[in-house]
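The values are calculated or read from the model by the stated rules, or taken from the named source; none is laboratory data. Remember, it's a predicted structure, so these values are computed and weren't measured experimentally. In this analysis, Cβ positions are derived from the backbone assuming ideal geometry, glycine residues included, and neighbour counts consider all displayed protein chains.
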């Protein structure tokens, strides 16, 4: 009897004033990956109001979030407060194996200690290797 394959766990970081398309575009792609388990992650399960007024429901909290294989940090005007938010930076640093970003999510990655993103080999928006 074979063990079923472990799911590839992806988290999309939600936050107030996120650019909705920077989250929902990657979400649509990630949900099509065979074996993917996609989580919308925020500090609470309360609806998050995004740029333009849409409200999106997180599926898990920072505390309850499983270890992730990939986290996507979308962009948007609301990401500036995240640059000094210890809980958010800890999620990006401690709970993931790799990071992806959309829009201006790169700044949060840098604050979480992913300084090697400035290397020339990082020509795209996705990062496969660990931050640490």
Cβ contacts < 6 Å: first residue at positive phi and in contact (Cβ under 8 Å) with a residue 40 or more places away in the chain, restricted to the stretch 65-81; second residue surrounded by fewer than 20 Cβ atoms within 10 Å (Cβ to Cβ) and part of a strand (DSSP E or B), any location; separation 6+ or different chain. Result?
none
Name the single residue, out of those in the stretch 50-77 being buried (at least 16 other Cβ atoms within 10 Å of the Cβ) and more than 14 Å from the chain's Cα centre (by Cα), that is modelled with the highest pLDDT.
56
Residues (touching a strand residue (DSSP E or B) at 6+ places or on another chain (Cβ under 6 Å), touching a residue at least 12 places away in the same chain (Cβ under 8 Å) and over 24 Å from residue 4 (Cβ atoms)) located in the stretch 51-64:
56, 58
Test each condition in (1) more than 13 Å from the chain's Cα centre (by Cα); (2) part of a loop (DSSP other than H, G, I, E, B) for residue 29 and report the one that comes out false.
(2)
